[in-house]
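Have a look at the structure below before the remarks.
The values are calculated or read from the model by the stated rules, or taken from the named source; none is laboratory data. Model, not experiment: these values are computed from the prediction. Using ideal geometry, Cβ is built from the backbone for each residue, glycine included, and neighbour counts are taken over all protein chains shown.
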Amino acid sequence: MDIIVCVKHVPETAEAEIKIDGTGKAIEKNGLVFDINEWDDYALEEAVLLKEKFGGTVTAITVGSEDADSVLRKCLARGADKATRLTDPKFEGSDGYAIARILAKVIKDLPFNMILTGTQAGDDGYAVVGVILAELLGIPHATMVKKIELNDEVAKLNRELEGGLEEIVEVKLPAVLTIQTGINEPRYVSIMGTRKAMKKEIKVLGLAEVGLGENEVGEAGSWIKMEKMYVPPVEKQAEFLKGSPEEIAVKIAEILKAKGLV
Amino acid sequence: MREIFVLTEHRQGQIRDVTFEMLTKGRELAGKTNTELTAVLFGKEVKNHAKILSDYAKNVLLVEDAKLENFNSEAYQKVLSNLIRERKPLLTLIGHTSFGVDLAPSLAVSLGTPLATDCVDLEFEDEKFTVTRQMYGGKVNVNAVLRKAESYIATVRQATFPVEKGAPMNGEIIEVPSPLSEEITKKRFVEYVLPPPGGVDITAAEVLVGIGRGIKDESNIPPVEELAKVLGGALACSRPIVDKGWLPNDRQVGSSGRTVKPKLYIALGISGAFQHVLGMKNSDLIIAVNKDPKAPIFGVADYGVVEDLFKIVPPLKSKIQELKG
Ligand SMILES: Cc1cc2nc3c(=O)[nH]c(=O)nc-3n(C[C@H](O)[C@H](O)[C@H](O)COP(=O)(O)OP(=O)(O)OC[C@H]3O[C@@H](n4cnc5c(N)ncnc54)[C@H](O)[C@@H]3O)c2cc1C
Ligand SMILES: Nc1ncnc2c1ncn2[C@@H]1O[C@H](COP(=O)(O)O)[C@@H](O)[C@H]1O
C-alpha cells in the first residue's frame, strides 16, 4: 500500500490577531505561528496507520515555500518515508485548481494506491484540492472520510454528512480520499523520531522540473483571483460586559435572573 | 434564454434547506442577469419533489433513474455535466455541503468551467462574476473574481441566504431521459448510518454550556460541567472536543453535529467558526467568553466577555449558586 499525503503549511489564526497587509489581498504573515494544516495532520496519521497495517510507503508532498520544510520534517518524524516540496516563485497566487494541477503533474509519475488530503485547508478553506487532483488523475474520490476499511482493491468508507449522519460508500482504488478531523488520534513525535527526520532528504522541485508552463500555475493558471480582502462587516455585535471576573460574574448572574433563567 | 441552474439536494425523502436558499438567491441573480431560474432534480421517483420545486423556479429539469436514488458523485457528475453541456447555463449553484464538495470540483474540471466554493455572496457586474468568501476561519472576507468563461459553477454556504418564497412561479417540469446507460462502477453507495447516541440529548436541553478548544485539556472539563449542572443544563461542545475524544459526538453543536435552540447558550473558548454557529445561532440568549476580542463568536452573541474562561467559570458558578440559595 503506497500512499501519498498532500500537506499544507498554514498559519494558526484562531487565537491570533489578523491584519491585512499592504497589498490588501493577503494577511500580514509576520509574527504568526505556522504548522501543518489541521486536517492534514489526521490524513498523515491515517496514512501511517495504514502503512503499519498493510506495509508499503508513505510520501508527504507539499506546494509551498522553504518554510514548509518544517511540516515535511514533522511528517517524516511521524512515519512518512519520503518528502517532496514543490517550490517556485511562479506558484504564488495559485488557487486550489492550480495547486491541484501542480500536485497532479508530479504525482502521476509516482507509484501509489491511495492519495490522502485534508477535507479543507484552514487558511483558504476551498475544500477542492483533493477532488480536483482525483479528476486530473482520472481516478475516483471520496470526501470527508471518517473511517477507512480496505478489502482488496476496494475501500469501504464512512463519509460524514450533516447533522451527525454518515454514509457508507465503496470506492475502487487507486483513489483520492479527503480526510475529516476526528478519524484517528494523531500521535506525538518522540525526540528520537524528530532527530532522525532531520537527516532525511527533502526532494525539491521547481516549475521546470514539475514540467508545467508559466501560465498553468499562479494567478494565470487559476480559476479565481483575489481582488480584495477585508475584515467582515459586523452585522450584530455582542454587548461587552466589563470589569473584574468577579464583577462580570455578577453581571451575568443578573442577566440570567432578569430573564428568569435562574 | 440562458439559465441559472440550482442543483436540488435531497436525502431520505426530504429536499434539504440549502436548495431553497439557493433558489432564493438564484431568483435574484436571474432577475439581474436576465436569465431563467432552473431547478435541477435527480433521483428515483421524485416527482413530488419536482412539484414543490416548480413553485420556486421557472423550469424544473427532472432526471429519474434508479442509479440516482442516493447521491453518488460519479452518477451525478455524468448527468449534470450532460445537462450543462447541452443547455449552457450562465451559472450552476450547488450547496457547499457533504454532497456539493464531493461533486463540484470534479464536475468543474471535467467541464473546464471555473469554480468558486463556499460562497457567501455572488454578483454579476459588467460581465464580471465576483464572489465573496471567507478565509482564516471567518476572520477575513475576500472578494474574488472568476476567470472569464461561458459558464460558471459556485458552491454556496448553507444557512447564508434567507428563504423567501415569493409568488409561485408555476415552473414547467421537464422530464429528461437519464443518460446513464452503463453501470456506475467506481463508487457505490451502501447505506446511511447514525452513530449510536450517548446519554444526553442536547437538543432537548433548555440551557447549554458549550466548550471549545479554549478548554485546552480534558481535565478542565469537570468544573465546567458543574457550572452547566448548577444552571440546570447540559454540556455541549465544538468539534475539536469530539475529535479529541473528550466528549461523545452527540454533544457536538454545528453543521456536522446537532442544531440546538436552548433558552441559554454559553460559549466558552469557542471561536465561532461558521460550522459551529450554524448549530446554535438561533438560541434565545447567547453569552460568549473568549480571550480574543475579534473572535467571530461575538458577532452572534448577545453578551460578550473578553477574558480567560478559567477566570470567569468559578465566580460565575458561585454567583449562580448564591442566587439559587
Ligand atoms: C465539513 C466541516 C464540518 C464541521 N462541523 C463542525 C461542527 O458541527 N461543529 C463545530 O463546532 N465545528 C465544526 N467544524 C470545525 C470548524 O470549522 C472549526 O474548526 C471549529 O468549530 C473550531 O472549534 P473551536 O472554536 O472550539 O476552536 P478554535 O477555532 O481553535 O477556537 C478556540 C477559541 O478559544 C479561545 N480561547 C483559547 N483559550 C481561551 C481561554 N483560556 N479563555 C477564553 N477563550 C480562550 C481562542 O481565542 C479561540 O477563539 C467543521 C468543519 C468542517 C470542515
Ligand atoms: N499547497 C498545498 N500543498 C499540498 N497540499 C495542499 C496544498 N493546498 C491544499 N492541499 C491539500 O488539499 C487539501 C484541501 O485544501 P483546500 O482545497 O485548499 O481547502 C488540504 O488539506 C491539503 O491536503
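Which one of A:Asn184, A:Asn215 is polar (S, T, N, Q) and without any contact (Cβ under 8 Å) to a residue 40 or more places away in the chain? Break it down into steps so the answer makes sense when it comes.
Values: A:Asn184 fails: without any contact (Cβ under 8 Å) to a residue 40 or more places away in the chain.
From the options A:Asn184, A:Asn215, the qualifying one is A:Asn215.
Could you list, in sequence order, all residues of segment B:251-285 that are among the β-branched types (Val, Ile, Thr) and in a loop (DSSP other than H, G, I, E, B)?
B:Thr259, B:Val260, B:Ile270
Got a number for residues in segment A:152-162 being within 7 Å of chain B (Cβ to nearest Cβ) and over 22 Å from the mean Cα position of the chain (by Cα)?
0
Give just the number: which of (1) closer than 14 Å to B:Ser73 by Cα; (2) within 14 Å of ligand 1 (Cβ to nearest atom); (3) more than 7 Å from chain B (Cβ to nearest Cβ) does A:Ile139 not satisfy?
Against the list (1) closer than 14 Å to B:Ser73 by Cα; (2) within 14 Å of ligand 1 (Cβ to nearest atom); (3) more than 7 Å from chain B (Cβ to nearest Cβ), A:Ile139 comes up short only on (2).
Of all residues in segment B:93-103, count the ones that are away from ligand 2 (no atom under 16 Å from the Cβ) and either within 14 Å of chain A (Cβ to nearest Cβ) or touching an Asp or Glu at 6+ places or on another chain (Cβ under 7 Å) (or both).
First, the residues of segment B:93-103 that are away from ligand 2 (no atom under 16 Å from the Cβ): B:93, B:95, B:99.
Within this subset, residues satisfying the condition of being either within 14 Å of chain A (Cβ to nearest Cβ) or touching an Asp or Glu at 6+ places or on another chain (Cβ under 7 Å) (or both) are B:95, B:99.
Of the residues in that region, 2 qualify.
Tell me the residue from A:Lys203, A:Lys257 that is among the basic types (Lys, Arg) and over 30 Å from A:Ile107 (Cβ atoms), please.
Working: A:Lys203 fails: over 30 Å from A:Ile107 (Cβ atoms).
A:Lys257 is the lone residue from the list that is among the basic types (Lys, Arg) and over 30 Å from A:Ile107 (Cβ atoms).
Which pairs turn up if I take residues in segment A:116-135 that are under 17 Å from B:Ser98 (Cα atoms) and more than 7 Å from chain B (Cβ to nearest Cβ) and look for partners that are part of a helix (DSSP H, G or I) and β-branched (Val, Ile, Thr) with beta carbon separation below 6 Å, at least 6 apart in sequence or on another chain?
A:Thr117/A:Val129; A:Val129/A:Ile99
Does segment A:12-43 hold any residues that are among the hydroxyl-bearing types (Ser, Thr, Tyr) and more than 10 Å from chain B (Cβ to nearest Cβ), and which are they? Break it down stepwise before answering.
As a first pass, look at segment A:12-43 and keep what is among the hydroxyl-bearing types (Ser, Thr, Tyr): A:13, A:23, A:42.
Selection gives A:Thr23 alone.
Go through A:Asp88, A:Asp67 for me and flag whichever is within 13 Å of ligand 2 (Cβ to nearest atom), within 12 Å of A:Lys8 (Cβ to Cβ) and more than 14 Å from chain B (Cβ to nearest Cβ).
Details: A:Asp88 fails: within 12 Å of A:Lys8 (Cβ to Cβ).
After applying the criteria, what remains is A:Asp67.
Please go through (1) within 30 Å of A:Val131 (Cα to Cα); (2) buried (at least 20 other Cβ atoms within 10 Å of the Cβ) for A:Gly211 and return the number of the only condition it doesn't satisfy.
(2)
Just wondering, is there one or more residues in segment B:232-239 that are more than 9 Å from chain A (Cβ to nearest Cβ), under 17 Å from A:Leu165 (Cα atoms) and at pLDDT below 95? Reasoning before the result, please.
Pass one, segment B:232-239, residues more than 9 Å from chain A (Cβ to nearest Cβ): B:233-238.
Pick out the ones that are also under 17 Å from A:Leu165 (Cα atoms) and you get B:238.
This time we only want the ones that are at pLDDT below 95, so: none.
Among the residues of segment B:232-239, not one is more than 9 Å from chain A (Cβ to nearest Cβ), under 17 Å from A:Leu165 (Cα atoms) and at pLDDT below 95, which makes the answer no.
Pick out, from segment A:87-181, the strands (runs of 3 or more DSSP E) lying fully within it that include 3 or more residues that are within 29 Å of B:Asn141 (Cα to Cα) and of a type in the set (Asp, Glu).
In segment A:87-181, there are no strands (runs of 3 or more DSSP E) which contain 3 or more residues that are within 29 Å of B:Asn141 (Cα to Cα) and of a type in the set (Asp, Glu).
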